[in-house]
Amino acid sequence: MSDRHSTADQTGVSGSTGDSRPDRRLRRAALAAAAAALGLTGAGVAQAAGGSGAGAAKATPTCAASALKGTFGEKLAGGMNHQGVVVRLRNLSGTTCALRGFPGLGLENAAHRTLSSHTHWGDTWYAADPGTRTLTLKDGESAEAVVSWTHANTGTSQAVHAAYLEITPPAATRHKTLAFPEWVDHGDLSVTALAKHIDVTG
């Protein structure tokens, strides 16, 4: 009785297996199709992500003050007590970096103490402002800006007697210091945005 029950159970299981074989095949086919679909979808996502990563340009780092060399270019003069100079920032980092915007300016005396000054960004007496653009500088390349001021009040309390000019690159917290033995009315300086080249019109 026990054996028969066992045989019946096994036969039942065997019979059930035989009867459900087509169903299992269908289920397996459905699972395989689903797996294939998931695999294709995953591959598509991976390819899209990979393509996006490979195609996206790596962001160019901002030029650090320590990587730049500040120099004066052309000195500018004119009527009505106007004076100016072209300021250049040269990339010496060994790699490509970027600058965007206006340089910060400041005045120092002979002891490198900060003097009262005000900087105006935009057009100057000698050049129209070129507008703010991102400048990509390869190693050795430079960006320039035009600085101007007046010196009608030389030797009076209405003018600041400077010995050095501080030039702070955009997005930097440190500055370059250049010899600048000039009288500047009220400490007022005007400067254009940085550009690869600025045409001087004044």
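Is at least one residue of region 133-145 hydrophobic (A, V, I, L, M, F, W, C) and either part of a loop (DSSP other than H, G, I, E, B) or over 31 Å from the mean Cα position of the chain (by Cα) (or both)? So that I can check it myself, show each step before the final result.
If we filter region 133-145 for residues that are hydrophobic (A, V, I, L, M, F, W, C), which is where we start, we get 135, 137, 143, 145.
Cutting the leftovers down to either part of a loop (DSSP other than H, G, I, E, B) or over 31 Å from the mean Cα position of the chain (by Cα) (or both) gives us none.
Within region 133-145 (the criterion being hydrophobic (A, V, I, L, M, F, W, C) and either part of a loop (DSSP other than H, G, I, E, B) or over 31 Å from the mean Cα position of the chain (by Cα) (or both)), the answer is no, since none of the residues qualifies.
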Counting only residues in region 63-74 that are of a type in the set (Gly, Ala, Ser) and part of a strand (DSSP E or B), the one surrounded by the most Cβ atoms within 10 Å (Cβ to Cβ) is identified as 70
Using the structure shown, decide if residue 184 is at pLDDT 95 or above, out of contact with any Asp or Glu (no Cβ under 9 Å at 6 or more places or on another chain), open to solvent by less than 70 Å² (accessible area, probe 1.4 Å) and farther than 19 Å from residue 88 by Cβ. yes
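Go over the candidates 136, 150, 156, 132 one by one and state the one that is open to solvent by 50 Å² or more (accessible area, probe 1.4 Å), farther than 25 Å from residue 91 by Cα and either touching an Asp or Glu at 6+ places or on another chain (Cβ under 8 Å) or not acidic (Asp, Glu) (or both).
Sole residue among the options that is open to solvent by 50 Å² or more (accessible area, probe 1.4 Å), farther than 25 Å from residue 91 by Cα and either touching an Asp or Glu at 6+ places or on another chain (Cβ under 8 Å) or not acidic (Asp, Glu) (or both): 156.
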May I ask you to list pairs of residues, at least six apart or on different chains, whose Cβ atoms are under 7 Å apart, with the first in region 75-104 being at negative phi and surrounded by 15 or more Cβ atoms within 10 Å (Cβ to Cβ) and the second being assigned to a strand (DSSP E or B) and at pLDDT below 95? 83/77
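Take residue 199 and tell me if it is more than 18 Å from residue 120 (Cβ to Cβ) and of a type outside the set (Gly, Ala, Ser).
yes
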For residue 160, work out the one condition from (1) in a loop (DSSP other than H, G, I, E, B); (2) over 23 Å from residue 96 (Cα atoms); (3) of a type in the set (Val, Ile, Thr) it doesn't fulfil. (1)
Does residue 60 satisfy the criteria of being open to solvent by 40 Å² or more (accessible area, probe 1.4 Å), modelled with pLDDT of 95 or more, out of contact with any Asp or Glu (no Cβ under 8 Å at 6 or more places or on another chain) and farther than 13 Å from residue 139 by Cα? no
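Part of a strand (DSSP E or B), surrounded by 14 or more Cβ atoms within 10 Å (Cβ to Cβ) and under 24 Å from the mean Cα position of the chain (by Cα): is that true of residue 177 in this structure? Even if it seems obvious, please write down each step before you answer.
On the way: part of a strand (DSSP E or B): yes; surrounded by 14 or more Cβ atoms within 10 Å (Cβ to Cβ): yes; under 24 Å from the mean Cα position of the chain (by Cα): yes.
Spelling it out, residue 177 is indeed part of a strand (DSSP E or B), surrounded by 14 or more Cβ atoms within 10 Å (Cβ to Cβ) and under 24 Å from the mean Cα position of the chain (by Cα).
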Taking region 105-124 as the region of interest, how many residues are touching a residue at least 60 places away in the same chain (Cβ under 8 Å), assigned to a loop (DSSP other than H, G, I, E, B) and either open to solvent by less than 30 Å² (accessible area, probe 1.4 Å) or closer than 21 Å to residue 164 by Cα (or both)? 5
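The values are calculated or read from the model by the stated rules, or taken from the named source; none is laboratory data. Keep in mind it's a predicted model, so treat the numbers as computed, not measured. With ideal geometry, Cβ positions are generated from the backbone for all residues, glycine too; neighbour counts draw on all protein chains shown. Side chains are part of the model used for accessible areas, which takes the heavy atoms of the whole protein and leaves out ligands, DNA and RNA. Shrake-Rupley method; radii C 1.70, N 1.55, O 1.52, S 1.80 Å.
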